[in-house]
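Presented below is the structure to which this report refers.
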Amino acid sequence: QVQLVESGGGLVQPGGSLRLSCAASGRIFRINDMGWYRQAPGKQRELVAHITRDGSTNYEDSVKGRVTISRDNAKNTVYLQLNSLKPEDTAVYYCNAEVTLTYSIGSRYYWGQGTQVSVSS
């Protein structure tokens, strides 16, 4: 019904930058909240950043000042700009979206397949 496709991950040196993108497609009437999560090996998935439809944002403490989440509602796309990357940022990054489907009442959450971010010298 809805597909979320992430891109932009890769290998970067400490201090480097990456920009992740997540495009949603399918039976979308409206996308409400969107977010980026990450999961490092052996750890639980955690919220990195969250953005509402009107652009209000919040960030996990360890990434504040280094990460910016943004979205383009016309393109059903959410972005995550990662700057000053550290080895501890290494993880699979997943996007998440709360979607109201066409011809439906209510909403549900969808996940992307994940994109690997590796920070290493």
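Structure data summary
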read-out: Residues (of a type in the set (A, V, I, L, M, F, W, C) and either over 14 Å from ARG45 (Cβ atoms) or buried (at least 17 other Cβ atoms within 10 Å of the Cβ) (or both)) located in the stretch 101-115; value: LEU101, ILE105
read-out: Strands (runs of 3 or more DSSP E) contained entirely in the stretch 26-92, each with at least 3 residues that are among the hydrophobic types (A, V, I, L, M, F, W, C); value: 28-39, 46-51, 77-82
read-out: Top-ranked residue of the stretch 1-24 - restricted to ones that are among the hydroxyl-bearing types (Ser, Thr, Tyr) and not in a loop (DSSP other than H, G, I, E, B), ranked as surrounded by the fewest Cβ atoms within 10 Å (Cβ to Cβ); value: SER7
read-out: Odd one out for THR100 among (1) at pLDDT 95 or above; (2) in a strand (DSSP E or B); value: (1)
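The values are calculated or read from the model by the stated rules, or taken from the named source; none is laboratory data. Being a predicted model, the structure only gives us computed values, none of them experimental. Cβ coordinates were reconstructed from backbone atoms using ideal geometry, including for glycine residues, and neighbour counts include every protein chain displayed.
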